[in-house]
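Undergrad: Have a look at this one.
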Amino acid sequence: MGVKVIIPTPLRQYVGKQDAVTINASTVAEALSGLTVQYEALRKHLYTDEGKLRSFVNIYLNDEDIRYLQKDQTPLKDDDIISIVPSIAGGLNLRCICR
Amino acid sequence: MGLKLDQKHLDAIRRHGAKDYPAECCGVLLGLDAEGVKRVRDVVPLKNLRHDRMRAEALLPLGAPERESERNRFLIDRAEIRRVEEAARSRGLDIVGYYHSHPDHPARPSDYDREHAWPWLSYVIIRVQAGEPCEHSSWVLADDRLSFRSEEVEVVGGEPGEKISTDARSQRRHPSR
Ligand SMILES: [Zn+2]
């Protein structure tokens, strides 16, 4: 038993090409930390050097963004599905030496 | 690594860049990865959420909001990405990358682009200079997140459309259309 973490395509290369990983955890925070302990190469894409979840990484529990639940302290039950969903962002260099 | 797309896909990106100038445009590339070359099958324009300051700021706060706007930032809502991904899957396709425009700036990724990038995906950038679509390029984030690698873009079929920029110009003259 446990929860299923759906891995988005860009990150599958770090989890042996699987599209989902099953983790035993009782909160979202535990699930993500379990995942990145098991698959170390995932860590820097999900967390900053200071250990904070990156701003463009969104976590859904079933169909709800955890920022509208109890954030990473949201409790889990067996068969819950966690999805890692990207926000995509970009832009220009603000001070550009363009010629 | 490489990206292969039809001329019509590139035309769609160029047209979108011209239409949204001087704001940044953005969209998604749908296709399949075949032995390291991503073959684009469809290009879908998406909304730059930076036009909606409140919602964008709630989703991904800016570092210097007084200097950042839809003219130098783009953001795609994660809910939109979920929707697009689901629709793509039902057609047997995957999200293989994204595109965005650099209004009056070269088609080279910024630090902001790199800091917000996901690995594996192709990031196509098109320069739009004074409203005219110019050169494009495509980039993939390195595993260590410290750099972007330029990748080859192969454009297949069709003639590069002179007509495209004309269409875009006339659309800008009639913004209500
Ligand atoms: Zn950019």
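The values are calculated or read from the model by the stated rules, or taken from the named source; none is laboratory data. Keep in mind it's a predicted model, so treat the numbers as computed, not measured. Because the Cβ atoms are built from the backbone with ideal geometry, glycine has one as well, and the counts that use them run over all protein chains shown. Each accessible area value is taken on the protein alone, full model and side chains, heavy atoms only, with ligands, DNA and RNA left out. Shrake-Rupley method; radii C 1.70, N 1.55, O 1.52, S 1.80 Å.
Undergrad: If you go through the range B:141-152, how many residues are within 16 Å of the ligand (Cβ to nearest atom), more than 10 Å from chain A (Cβ to nearest Cβ) and part of a strand (DSSP E or B)?
TA: 4
Undergrad: A further question follows. Any residue in the range B:115-142 that is acidic (D, E) sitting within a Cβ distance under 6 Å of a residue that is surrounded by fewer than 23 Cβ atoms within 10 Å (Cβ to Cβ)? List the pairs, counting only those 6 or more apart or interchain.
TA: Final answer for the pair search is B:E132/B:S165; B:E135/B:A107; B:E135/B:R127.
Undergrad: Residues that are within 12 Å of chain A (Cβ to nearest Cβ): list the strands (runs of 3 or more DSSP E) wholly contained in the range B:1-111 that include at least 2 such residues.
TA: Here the list reads B:26-34, B:37-46, B:73-76, B:94-103.
Undergrad: Determine which member of the set B:S101, B:S138 is closer than 25 Å to B:E85 by Cβ, crowded, with 21+ Cβ neighbours inside 10 Å, more than 10 Å from the ligand (Cβ to nearest atom) and of a type outside the set (A, V, I, L, M).
TA: When all the criteria are applied, what remains is B:S138.
Undergrad: Among B:I81, B:I76, B:I125, which is more than 15 Å from the ligand (Cβ to nearest atom), buried (at least 20 other Cβ atoms within 10 Å of the Cβ) and of a type outside the set (S, T, Y)?
TA: Unique residue meeting the criteria: B:I81.
Undergrad: Additional query: If you go through the range A:51-84, how many residues are open to solvent by 10 Å² or more (accessible area, probe 1.4 Å) and within 7 Å of chain B (Cβ to nearest Cβ)?
TA: Residues meeting the conditions: 1.
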